[in-house]
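See structure below.
The values are calculated or read from the model by the stated rules, or taken from the named source; none is laboratory data. Keep in mind that this is a model prediction, so the values were computed, not measured. Here the Cβ is made from the backbone with ideal geometry for all residues, glycine too, and neighbour counts use every protein chain on show. Just the protein is used for accessible areas: all its heavy atoms, side chains included, with ligands, DNA and RNA removed. Shrake-Rupley method; radii C 1.70, N 1.55, O 1.52, S 1.80 Å.
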Amino acid sequence: AGLGGVKAKLEGGLELLGSEMTVEALERHEMFVTTWWKLPGPMPHDVYFFVHIVKSDIQLPTEHVPGDWMYPADRWQAGETLEDRTLVQLPPFTVTPGTYEVYVGAYRRSTGERLAVVEDPSNGENRLHVGTLVVKPLLPIIHQLIPPTHVDRMRKYPERIVDSHRLAAPPSR
């Protein structure tokens, strides 16, 4: 109860109850996608979950056995709720700063066919849009720890600050 995010039903009775994800990350770091599934009972052992991170010029696909590689689909019990938390490491030079769309779903690894989305949102490709990820540039550590000093904005009386780089007015006589 009270789960947010996308909700949907997939073929075979697999039901997405909710989702949440990291919405902002630094390049070369990682992000998490957490989904909650209502399990229909045992399914073929090669049913895997996937996460796609997509931008116009790139798609970063990841896949895994449900339950952090520990709970394959042929062991599922009917009516159970599975929390599936996925860590996605953002590879350098591939996932550059920008805005990415994040999708999840399930597929049969032996055939490569995705389980069809039978109820609720789908982009027509049998995958579910769970959110948008903003990847920010990774700056040198010095820029992250010490903010730059902007004397003119930070001082109460900036006109009282002597700037040695200014041309001094000639002394008046």
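Find the residue count for segment 75-94, including only residues that are modelled with pLDDT of 90 or more, open to solvent by 30 Å² or more (accessible area, probe 1.4 Å), part of a loop (DSSP other than H, G, I, E, B) and not aliphatic (A, V, I, L, M). Count: 4. Taking (1) part of a loop (DSSP other than H, G, I, E, B); (2) touching a Lys or Arg at 6+ places or on another chain (Cβ under 6 Å); (3) closer than 19 Å to S19 by Cα in turn, L138 satisfies each apart from (3). Mind checking which residues of segment 102-120 are of a type in the set (D, E, K, R) and closer than 27 Å to L90 by Cα? Passing the criteria: R108, R109, E113, R114. Keeping to segment 29-40, report how many residues are modelled with pLDDT of 95 or more and part of a loop (DSSP other than H, G, I, E, B). The qualifying residues number 2.
For P66, the criteria (1) outside any strand (DSSP E or B); (2) within 21 Å of V135 (Cβ to Cβ); (3) open to solvent by less than 20 Å² (accessible area, probe 1.4 Å) hold in every case but one, which is (2).
Condition test on G79, is it out of contact with any strand residue (DSSP E or B) (no Cβ under 8 Å at 6 or more places or on another chain) and more than 30 Å from I141 (Cβ to Cβ)? Spelling it out, it is not the case that G79 is out of contact with any strand residue (DSSP E or B) (no Cβ under 8 Å at 6 or more places or on another chain) and more than 30 Å from I141 (Cβ to Cβ). For P72, the stated conditions do not hold, so it cannot be described as open to solvent by 20 Å² or more (accessible area, probe 1.4 Å), touching an Asp or Glu at 6+ places or on another chain (Cβ under 9 Å) and under 30 Å from P140 (Cβ atoms). Could you look through segment 31-51, keep only residues that are more than 15 Å from the chain's Cα centre (by Cα) and touching a residue at least 60 places away in the same chain (Cβ under 8 Å), and pick out the one that is surrounded by the most Cβ atoms within 10 Å (Cβ to Cβ)? Applying the filter and picking the extreme gives V47. Quick check: is even one residue across segment 3-25 in contact with an Asp or Glu (Cβ under 9 Å, 6 or more places away or on another chain), hydroxyl-bearing (S, T, Y) and part of a loop (DSSP other than H, G, I, E, B)? Within segment 3-25, one or more residues are in contact with an Asp or Glu (Cβ under 9 Å, 6 or more places away or on another chain), hydroxyl-bearing (S, T, Y) and part of a loop (DSSP other than H, G, I, E, B). On the stretch given as segment 7-30, residues that are open to solvent by less than 20 Å² (accessible area, probe 1.4 Å) and not hydroxyl-bearing (S, T, Y) total 6.
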